[in-house]
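The values are calculated or read from the model by the stated rules, or taken from the named source; none is laboratory data. Predicted, not measured: the structure shown is a model, and the values here were computed from it. Here the Cβ positions follow ideal geometry from the backbone for every residue, glycine too, while neighbour counts run over all protein chains shown.
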Amino acid sequence: MPEFAYTARDLSGQKKTGVLTANSQHEALVQLDTMALMPVEITTANSAAAVRGKKVSGQVMANAYNQLSSLLRSGVPLLRALTVMSQQATKPALKVVLEEVKTKVEDGEPLPDVMARYPRVFNNMAVNMVRAGTEGGFLEDALERVATFTEQQEDLKGRAAGALAYPIFLACVGTAVVSVLVIFFVPKFEPLFAGLREQGQLPFATDLLLGFSAFLQSYWFVPIVGIVFSLFAAVAFLNTERGQYTLDYVKIKVPMFGKIFLNLAVARFCRVLGTLLQNGVPILRSLDISREAAGNQILSHSIEKASENITAGEKLATPLSSSGHFPNQVVEMISVAEESNTLDKVMVQISDSLEKTTFRRLDMMVRLLEPLMLLLMAGIVFFIVLALMVPLLNSAGTV
């Protein structure tokens, strides 16, 4: 059935907003009349599919979880807290979702079940932690931990993006500089080398550079079409299951950065698993959620096999070790934690340690990458200058 968003006023003149499910706008107006509300505005609400298609940023969700936790801890009832949050929400997608969540909770549906309907807004980890908090009577603490975890993940993404921003900038600037040199600067030397080319005295490097420049001048659209086609083909391939699996495999095997990608995926898995276990989620369900949160299918398959072994009564550390994707130090810490029954705390500690170590390595790699890219750019420019100057110097020497 269609959904309608309404703005109305009650008998006391207070403004009310919400979402109604009705066959038509007329039926929605009838429902408002039975609720003793005078309609001010009624429009077709975003459909559930459209809402699920809009993703809300992690930082916005972290603030929402913190706000809901603070309201509940202050003694504000859940429905009133959701109403306040929906009224104060600045993001349209989040505002619509919170209004729908409030309406469905008001109709008697459990909060985690309603949250599960919007996977683009509330991820599996948040839903299951809220479910555990609702059942165990510690919803405020569960929401606070979800907020903390979400903030940590956003900080992780921000630091990774910030570390790679400058090398990417250097690559773009270098490509632009070299393109300008080859397309506009090199052709000016063509008339000077015509005689040497006829005599067969033009160096191979110079001839190659001039030929490449002439090709770009005449067929400049070919590399552009090739790049665009390659990007579309790559995106189409990566949207397939095989493509995503291939990308995840390449990410953990690529030289220099492969271990960084792998350690970050392991850190995400450990943090999600530890956080879920701390909130009372059963280990098999926690493993199922955390393997998806790892963000790497290779690692996910290894964790899935570990889950099967746990079902058979074995320890978690053994199958993780045999997969070859988990560092020995991590496996040893997990093994000790299982024996001492402190797996929830140790998994979070492992994540903290891995993230610190990995970011130190990432900073070092980026510091090495920057001079390497500068050297590469300088080498290309030096080749261009040398290829143009050598024939000129040879010609001057023969005069």
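Listed by first and then second residue, the pairs linking a residue in the range 85-97 that is within 11 Å of Val56 (Cβ to Cβ) to a residue that is modelled with pLDDT under 80, with Cβ atoms under 6 Å apart and 6 or more places separating them unless they lie on different chains, are Ala93/Lys54; Val96/Asn46; Val96/Val51; Val97/Val51.
If I filter the range 196-243 down to residues being aliphatic (A, V, I, L, M) and within 17 Å of Met389 (Cβ to Cβ), which single residue comes out as surrounded by the fewest Cβ atoms within 10 Å (Cβ to Cβ)?
So the first thing to find is which residues in the range 196-243 are aliphatic (A, V, I, L, M), and the list is 196, 202, 205, 208-210, 214, 216, 222, 224-225, 227-228, 231, 233-236, 238.
Narrowing the set further to residues that are within 17 Å of Met389 (Cβ to Cβ) leaves 196, 202, 205, 208-210.
Working: Leu196: 17, Leu202: 20, Ala205: 15, Leu208: 13, Leu209: 20, Leu210: 20.
Ranking the qualifying residues of the range 196-243, first place goes to Leu208.
Return the only residue of Lys55, Lys16 being in a loop (DSSP other than H, G, I, E, B) and either surrounded by fewer than 17 Cβ atoms within 10 Å (Cβ to Cβ) or modelled with pLDDT of 80 or more (or both). Checking each option against the conditions leaves just Lys55. Exactly one residue out of Gly295, Gly324 is within 29 Å of Leu247 (Cα to Cα), surrounded by fewer than 18 Cβ atoms within 10 Å (Cβ to Cβ) and under 22 Å from the mean Cα position of the chain (by Cα), and it is Gly295. Filtering Pro327, Pro391, Pro319 for residues that are in contact (Cβ under 8 Å) with a residue 60 or more places away in the chain and farther than 16 Å from Leu264 by Cα leaves a single hit, Pro391.
Applying the criterion of being among the hydrophobic types (A, V, I, L, M, F, W, C) and touching a Pro at 6+ places or on another chain (Cβ under 9 Å) to the residues of the range 286-324, the residue that is modelled with the lowest pLDDT is Ile310.
Put simply, of Glu99, Glu109 the only residue that is acidic (Asp, Glu) and assigned to a loop (DSSP other than H, G, I, E, B) is Glu109. For the range 328-347, does any single residue satisfy the condition of being of a type outside the set (Gly, Ala, Ser), in a loop (DSSP other than H, G, I, E, B) and either in the same structural domain as Gly274 (by TED's automatic domain parsing) or in contact with a strand residue (DSSP E or B) (Cβ under 7 Å, 6 or more places away or on another chain) (or both)? Within the range 328-347, one or more residues are of a type outside the set (Gly, Ala, Ser), in a loop (DSSP other than H, G, I, E, B) and either in the same structural domain as Gly274 (by TED's automatic domain parsing) or in contact with a strand residue (DSSP E or B) (Cβ under 7 Å, 6 or more places away or on another chain) (or both). Quick one: count up the residues across the range 88-117 that are under 22 Å from the mean Cα position of the chain (by Cα), farther than 25 Å from Lys15 by Cβ and of a type outside the set (D, E, K, R). Adding up the residues that qualify gives 2.
When the range 338-355 is filtered for residues that are on the phi < 0 side of the Ramachandran plot, free of Cβ contacts under 8 Å to residues at least 12 places away in the same chain and not charged (D, E, K, R), the ones remaining, listed by number, are Ser340, Thr342, Ser353. Listed conditions (1) over 29 Å from Phe184 (Cα atoms); (2) among the β-branched types (Val, Ile, Thr); (3) exposed (fewer than 15 other Cβ atoms within 10 Å of the Cβ) are all met by Val366, apart from (3). All told, Leu164 meets the bar of being hydrophobic (A, V, I, L, M, F, W, C), assigned to a helix (DSSP H, G or I) and either within 43 Å of the chain's Cα centre (by Cα) or over 25 Å from Asp352 (Cβ atoms) (or both).
Within the range 216-275, being closer than 30 Å to Phe184 by Cα and among the charged types (D, E, K, R) holds for no residue. Is it the case, given these coordinates, that Met35 is assigned by TED's automatic domain parsing to the domain that holds Gly133 and either out of contact with any Pro (no Cβ under 8 Å at 6 or more places or on another chain) or modelled with pLDDT under 75 (or both)? No: the conditions fail for Met35.
Yes or no, residue by residue, for (1) within 22 Å of Ala165 (Cβ to Cβ); (2) under 25 Å from the mean Cα position of the chain (by Cα):
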site	(1), (2)
Lys315	no, no
Gln329	no, no
Ile350	no, yes
Phe359	yes, yes
Met365	yes, yes
Met389	no, no
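Looking across Arg131, Arg145, Arg120, Arg159, one residue alone is in contact with a helix residue (DSSP H, G or I) (Cβ under 8 Å, 6 or more places away or on another chain) and more than 25 Å from Val348 (Cβ to Cβ). It is Arg120.
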